[in-house]
1. Could you grab the relative contact order for region 361-452? Cα pairs under 8 Å, six or more apart, rounded to a whole percent.
2. How big is the convex hull of the Cα atoms of region 192-233, per residue, in Å³?
3. Apply the Karplus curve 6.51 cos²θ - 1.76 cosθ + 1.60, θ = phi - 60°, to the phi angles in region 360-376 and return the couplings in whole Hz, x for Gly and Pro.
4. For Asn354 and Arg405 in one chain, what is 0.36 nm times their gap in residues minus the Cα-Cα distance, to one decimal in nm?
5. Order these peptides, 132-139, 93-100, 436-443, 407-414, by their mean beta-carbon neighbour count within 10 angstrom, highest first.
6. Tell me the label-point distance for the pair Asp441, Thr172, using the 7 Å Cα-to-Cβ offset, in nm and rounded to one decimal.
7. At a 10 angstrom cut-off on C-beta neighbours, averaged per residue, how do the peptides 293-301, 183-191 rank from highest to lowest?
8. Based on the Cβ-Cβ distance from Ala225 to Val61, what FRET efficiency comes out when R0 is 25 Å, to the nearest 0.05?
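We did not get these values from a lab; they are worked out from the coordinates using the rules stated. The shown structure was predicted, so the numbers you read here are calculated from the model rather than taken from an experiment. Note that each Cβ is placed from the backbone with ideal geometry, even for glycine, and that neighbours are counted across all protein chains shown.
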Amino acid sequence: MAEQAPAALEVAVKPSPAPSAASSTEASRAATPATAPVEKAPDDTSKLRTFLGILRKFMGVADIAAVRFSLPAQLLEPTPNLEYWNYLDRPETFISIGDSEDALGRMLGTLRFWFTKDLKYVKGKPCKPYNSTLGEFFRCNWEVEDTAPPIKHAPDAKSTSSAASTASTKSTKNVRISYLTEQTSHHPPVSAFFVDCPEKGVIARGFDQLSAKFTGTSIRVTPGAHNLGIFIELQNWGGEQYQLTHPAAHLGGLLRGSLSVSVADTCYVTCAKTRIKVILEYLEEGWLGRTQNKVQGVIFTYDPENDTKAKIKDVPDKDVLGRIEGNWQDKVYYTLGSQAFAKTAEKLLLIDLNPLFPVAKLVPPIEDQLSNESRKFWAGVTDAILNKQFGLATQLKQELEERQREKAADRKARNSEWQPRFFTGATTPIGKPDLTKDGEDVLKGLHTNNFRLQPNKELGA
């Protein structure tokens, strides 16, 4: 999944260890007029009814994500879109991807990360964050212990540890992961992101863009044209690169007033250097239409120059290294070798999502944030929503949106094209954004808790 969904998912985050004085895990608060009336917050049923009424106006529209319609503040979650959309719900799985000495072990580590990146869907409730504005950006750190256990990658491996293990011989000191994302395009809505963990030599980058269509009973969300997935690079393994593509998802339950997210699609994880590929097939419904959230997959060797296998059934047993099966909202297991999953005696636990919750972000203090930095930019709207001053929040939100339109009109009059500050272009054909010098400096600053930045020369809103 990626950003700009018409109906996204928000999550209540389990508290992590207290952040340093230089950072904050709390949403910023800005003063709002005390005279603004306090209104009764609508219940979830009322929100859904209003939201459904708005969506019905877009029946037949090919991509409602590109329409960028404005919702009243009482339907919004007081969270900036760029802050919400990230894939580091469990950073310890990300930093451990390159730990294994074996190529299959590193692919299994990549899959463990994959199944935690959407933990917010499993633990949270559907909601709608703020739409990002052009040039808006968000940055943060995570600090976690490097405690993800080793993954068994061969039947005769000496270690019996799997992802089910609780013991680890790794150091328990904290590892820092830094994150930067910027809204690089408004039409279509696209943002670029970059994740960096120098200590473990792991980076990730990509473009987030969604296409969405209202079917009358649900919203189907698919990756946009510029969203080619998550690109992970293991710098300690000669720049070994992995591409992880996103499946389509459905937001259902609009009519019955109980929103749910389901996935029924195929996605892929590939590493050309190791010549290992994974096909994952998500199955939405079982008998009697009950959602089963099942995922099954195959890990196999492939030819990057002749990559023709798109379905599990297309893969011959002679190429199979392992198989995946489980519930992507519960537990996912894997087996080693080519034998069918059901016939394999040793089923190893890859990940158990039940005890896991998203890890809190460490965000620069509000006084060190620029005016177009997500929390500071939306601070007045956030404060008004939290104070139940929904009329004021809607007014402030509309003022920000109008300011963006005015600046776009001014650029058009000057025949000036918007240039992102932290990334080299709004999009790239290969789906992998590159950092500008300013972008590199932001990440270096995050590594050392140096958050000071020069103001933007031009603002998009």
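1. Numbers: 51 pairs, mean separation 18.0, N = 92.
Reported as a whole number, the value is 20 percent.
2. Values: hull volume 2.7 nm³, N = 42.
Output value, Cα hull per residue: 63 Å³.
3. 5, 8, 9, 10, x, x, 4, 6, 9, 8, 7, 5, 9, 8, 3, 5, 6
4. Values: separation 51, 0.36 × 51 = 18.36 nm, distance 4.42 nm.
Length gained between Asn354 and Arg405: 13.9 nm.
5. Values: 132-139: 26.1, 93-100: 24.0, 436-443: 17.1, 407-414: 12.0.
Those peptides, ordered most packed to least, come out 132-139, 93-100, 436-443, 407-414.
6. 4.0 nm
7. Details: 293-301: 20.8, 183-191: 22.6.
So the order, starting with the most tightly packed, is 183-191, 293-301.
8. On the way: r = 17 Å, r/R0 = 0.66.
Approximately 0.90, to the nearest 0.05.
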